[in-house]
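Enquirer: After the structure tokens below, expect a handful of questions from me.
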Amino acid sequence: MLLALLAAAALLAWRYARGRPQDLPWTPLDLGEPVGLFTGRKLAALGDSPARCAALLDRAGVRYVAVPPRRPAEARCGYDAAVRLEAGGARRIALAPDRVALACPVAAALALWEWDVVAPAAQRHFGARVVRIEHLGSYSCRRMYGRSSGGWSEHATANALDVAGFRLADGTRVSVLRDWDGAAAKAAFLREVRDGACRVFATVLSPDYNAAHRDHLHLDQAARGATGWRACR
Ligand SMILES: [Zn+2]
């Protein structure tokens, strides 16, 4: 009896794994699959393997150029393997400004977020396409909150992006600052893209977190290990 139950459980697990590999911790990441239970942790872990991250972007048809390494005097700042995303290819949403260096795991998560979260949410709430994600930048050699002591920001290694708003194909702008508590559709859209970002970024901080984030969504891929905590506020 016990053996039969174990066999049934194993069969179910096998079928589950075949159908939704993205829900299992040991399967390789594939940006072409829908976001699963372990997608976020796998994306954050890509920080240790830039070549594998770049290969995933290539396979998913995401266009990018490698950005030259940046090694400032402050040893806690800079990056070796950042990329600049290019419009076109598998991505139909542009970044504004477009010349922004991103650590590869941030770029990979951004592509997934656009496909799986931002585009469907915009269709649902506005019946429209998002053409631009407006941001406040990525790389900045500073500690958290610009303080003179304490932990270094993920921005110090281009491992973060601050998203300020979205531009739709009809010209409509959805702004974190103006619309978080604004009209129903825009406020609902912003919460939906915030919640969806939590599935692909290690850290997501929104206006719900504190006043410092009233005008943007902070998205980063802080490396906190396989069992590391994830922040979604
Ligand atoms: Zn930030």
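Enquirer: Report, by residue number, each residue of region 182-233 that is within 13 Å of the ligand (Cβ to nearest atom), in contact (Cβ under 8 Å) with a residue 40 or more places away in the chain and among the aromatic types (Phe, Trp, Tyr).
Expert: 201
Enquirer: In region 143-154, what residues are surrounded by 15 or more Cβ atoms within 10 Å (Cβ to Cβ) and without any contact (Cβ under 8 Å) to a residue 60 or more places away in the chain?
Expert: 143, 153
Enquirer: Could I ask something else about it? Would you pick out the residues in region 82-98 that are more than 18 Å from residue 54 (Cα to Cα) and part of a loop (DSSP other than H, G, I, E, B)?
Expert: Step one: filter region 82-98 for residues more than 18 Å from residue 54 (Cα to Cα), giving 92-98.
Those that are more than 18 Å from residue 54 (Cα to Cα) and part of a loop (DSSP other than H, G, I, E, B): 92, 93, 97, 98.
Enquirer: Let me ask another. Those residues that are surrounded by 16 or more Cβ atoms within 10 Å (Cβ to Cβ), over 22 Å from residue 28 (Cβ atoms) and out of contact with any Ser or Thr (no Cβ under 6 Å at 6 or more places or on another chain), I need them from region 64-84; list them, please. Steps first, answer last, please.
Expert: Within region 64-84, the subset surrounded by 16 or more Cβ atoms within 10 Å (Cβ to Cβ) is 64, 67, 77-79, 81-84.
Next, only the ones that are over 22 Å from residue 28 (Cβ atoms) stay: 67, 77-79, 82, 84.
Scanning region 64-84 gives 67, 77, 78, 82, 84.
Enquirer: Any chance region 121-137 includes a residue that's crowded, with 17+ Cβ neighbours inside 10 Å, within 11 Å of the ligand (Cβ to nearest atom), over 16 Å from residue 92 (Cβ atoms) and among the small types (Gly, Ala, Ser)?
Expert: no
Enquirer: Among 179, 162, which is free of Cβ contacts under 8 Å to residues at least 60 places away in the same chain, within 14 Å of the ligand (Cβ to nearest atom), among the acidic types (Asp, Glu) and at negative phi?
Expert: Being free of Cβ contacts under 8 Å to residues at least 60 places away in the same chain, within 14 Å of the ligand (Cβ to nearest atom), among the acidic types (Asp, Glu) and at negative phi holds for just one of 179, 162, which is 162.
Enquirer: Looking for something of a type outside the set (D, E, K, R), more than 28 Å from residue 232 (Cβ to Cβ), outside any helix (DSSP H, G or I) and at pLDDT below 95 - is there at least one such residue anywhere in region 21-40?
Expert: So the first thing to find is which residues in region 21-40 are of a type outside the set (D, E, K, R), and the list is 21-22, 24-29, 31-32, 34-40.
Subset that is more than 28 Å from residue 232 (Cβ to Cβ): none.
Within region 21-40 (the criterion being of a type outside the set (D, E, K, R), more than 28 Å from residue 232 (Cβ to Cβ), outside any helix (DSSP H, G or I) and at pLDDT below 95), the answer is no, since none of the residues qualifies.
Enquirer: Could you count how many residues in region 41-81 are assigned to a helix (DSSP H, G or I), of a type in the set (D, E, K, R) and in contact with a helix residue (DSSP H, G or I) (Cβ under 8 Å, 6 or more places away or on another chain)?
Expert: Within region 41-81, the first condition is being assigned to a helix (DSSP H, G or I), and the residues that meet it are 41-48, 50-60.
Those left that are additionally of a type in the set (D, E, K, R): 41-42, 48, 52, 58-59.
Those still in the list that are in contact with a helix residue (DSSP H, G or I) (Cβ under 8 Å, 6 or more places away or on another chain) too: 52.
The number of residues fulfilling the criteria is 1.
Enquirer: Another question, if that's okay. Need at least 2 residues that are of a type in the set (Val, Ile, Thr) per element, so show me which strands (runs of 3 or more DSSP E) inside region 116-233 make the cut, counting only ones lying wholly within it.
Expert: 130-137, 203-205
A quick yes/no check of all residues on (1) modelled with pLDDT under 95; (2) among the basic types (Lys, Arg); (3) over 21 Å from the mean Cα position of the chain (by Cα); (4) over 23 Å from residue 44 (Cβ atoms):
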position	(1), (2), (3), (4)
128	no, no, yes, yes
149	yes, no, yes, yes
165	no, no, no, yes
168	no, no, no, yes
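The values are calculated or read from the model by the stated rules, or taken from the named source; none is laboratory data. Remember, predicted model here, so these are calculated numbers, not experimental data. Backbone-built Cβ (ideal geometry, glycine too); neighbour counts: all protein chains shown.
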